[in-house]
Amino acid sequence: MKLNLQITYSDKTEKAIEAGTPDLVAFENKFDVSVAQLGRDTRISWLLFLAWHAEKRNGATKDTYEKWLETVEDLGETEQDPK
């Protein structure tokens with residue numbers, strides 16, 4: 001299972017981020033919520049955590065979640081198929 005997210009940073013850089021299995025498992029562990037809940041009661045903090053975790057896991061950021069949040073301007077969906 002994968003989830004594609006579009007992040008716009010404060011410097012106007014846009015990035016498509018693919019949250020994969022490790023990120024979804026980390027989400028379930030952190031929030032004690034099934035990923036199935038994402039489709040029913042989505043929270044922006046959940047989606048941003050998934051994006052941050054994917055960025056951290058892939059070495060794209062070394063920032064803590066809270067510090068990384070300060071660099072995010074917008075969150076959206078990508079047109080890519082997550083397959």
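Computed from the coordinates by the stated procedures, all read-outs in this text should not be read as laboratory data. It should be emphasised that the depicted structure is a prediction, and the values quoted were computed from it without experimental measurement. Glycine gets a Cβ as well: all are built from the backbone with ideal geometry, and neighbour counts include every protein chain shown.
Here are the numbers for this structure:
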| read-out | value |
| --- | --- |
| Segment ALA36-LYS67, length gained on full extension (0.36 nm per residue, minus Cα span) | 8.4 nm |
| Sparse-neighbourhood loop sites, GluC sites (Glu not before Pro) in the chain - DSSP loop, at most 13 other Cβ within 10 angstrom | GLU70, GLU79 |
| Nearest-20 debye value, the chain charge dipole, Cβ charges on Lys, Arg, Asp, Glu | 260 debye |
| Ellipticity estimate at 222 nm from DSSP helix runs (n ≥ 4, -39,500 (n - 2.57)) divided over the chain, nearest 500 | -10500 deg cm²/dmol |
| Which labelled figure in (1) 15.5; (2) 14.1; (3) 12.8 is Kirkwood radius over Cα pairs in Å, once derived from the coordinates | (3) |
| Anchor LYS67: lysines whose Cα lies under 27 Å away (excluding residues fewer than 8 positions away in-chain) | LYS2, LYS12, LYS15, LYS30, LYS56 |
| Computed over region 3-83: relative contact order in percent, which uses C-alpha pairs under 8 Å that are six or more apart | 45 percent |
| The chain: angle of helix 21-31 to the longest principal axis, Cα-based, in degrees nearest 10 | 80 degrees |
| Angle in degrees between helix 44-57 and the longest Cα principal axis of the chain, rounded to the nearest 10 | 70 degrees |
